[in-house]
Amino acid sequence: MSAQCRVVCRLHKRILAGVFFIVVNPPAFATSGAPTPILPPCIARLASLGVTAEPPAAQPTPPLPACVITEPVALISAAPRAGRPILFPDRPLLSCAMAERLARFSVEGASPMTVTAFGKSLASMSTGPGYECRRRNREAGAKISSHGHGNAADVMTLELRGGQKIIVKNP
């Protein structure tokens, strides 16, 4: 049974004459007549933190069987308590836990740092794709990279309010 059905429906199991039935009651609707949006648990948890994410368009088919993402999401934005959201224009594909960490880092770490250093808050953070099924340092025989589990993102560019771009370089 799908996770969505467990969230949307009240399920009742009945056994009649040795046959297993599931009776599904229709979902409740808001009083406005519009359907109540049902979100996967991860997306709902992120939304409660001010993070906008969506399920991936399609689950990636990895070239290596060990490349598996737990609760994959595409990260869209993270909103500080006050102010405009920080955008992730690359919409990196990440595990839910990593999406939460990166969103918190952008709001609680990177944006205050840009205010201190440059006098402007963070508008967007370019990260590349996030998920990439590959081995560490692209070396044959190495363990699967954290990118291969959606647990890594490479911060490449920070864009400040007003358009100034900061390119992040390796030391």
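Remarks
- The stretch 66-72 - phi-based ³J(HN,Hα) in whole Hz, Karplus 6.51/-1.76/1.60, Gly and Pro as x: 6, 7, 10, 9, 7, 6, x
- Amide H contacts under 5 Å for S145, placed H, 5+ residues apart: R134, R135, R136
- Modelled FRET efficiency - R0 45 Å, T116 with A140, Cβ distances, 0.05 increments: 0.55
- Basic side chains Lys and Arg get +1 at the Cβ, acidic Asp and Glu get -1 at the Cβ, and with that the dipole of the stretch 64-166 about its Cα centre reaches some 140 debye.
- A simple spin-label model places pseudo-atoms 7 Å from Cα toward Cβ; at F105 and V155 they are separated by 0.6 nm.
- Close amide H contacts of T127 (hydrogens built in the peptide plane, cut-off under 5 Å, sequence separation of 5 or more or a different chain): D90, M156.
- Order of exposure, largest accessible area first, which applies to R84, R161 with probe 1.4 Å: R84, R161
- Proximal aspartates and glutamates relative to K143, as straight alpha-carbon distance under 15 Å, when same-chain residues fewer than 8 apart are discounted: E132
- If R0 is taken as 22 Å, the Cβ-Cβ distance between I167 and A79 corresponds to a FRET efficiency of 0.35.
- Annotation for V68 and L49: the two label points, set 7 Å from Cα along the Cα-Cβ direction, are 2.3 nm apart.
- Fraction of accessible area attributable to carbon and sulfur, the stretch 45-141 (%, probe 1.4 Å): 55 percent
- Around the amide H of G150, modelled in the peptide plane, lie the amide H atoms of E132, all under 5 Å away and 5 or more residues distant in sequence or on another chain.
- The stretch 83-98 - phi-based ³J(HN,Hα) in whole Hz, Karplus 6.51/-1.76/1.60, Gly and Pro as x: x, 7, x, 8, 8, 10, x, 7, 6, x, 8, 9, 5, 4, 4, 5
- In order along the stretch 133-141, the Karplus-derived 3J(HN,Hα) couplings, from 6.51 cos²θ - 1.76 cosθ + 1.60 at θ = phi - 60°, round to 6, 7, 8, 4, 6, 6, 9, 4, x Hz, and Gly and Pro are given as x.
The values are calculated or read from the model by the stated rules, or taken from the named source; none is laboratory data. Fair warning: this is a prediction, and the values are worked out from it, not measured in the lab. Counting neighbours? That spans all protein chains shown, and the Cβs are built from the backbone with ideal geometry, glycine included. Side chains are part of the model used for accessible areas, which takes the heavy atoms of the whole protein and leaves out ligands, DNA and RNA. Shrake-Rupley method; radii C 1.70, N 1.55, O 1.52, S 1.80 Å.
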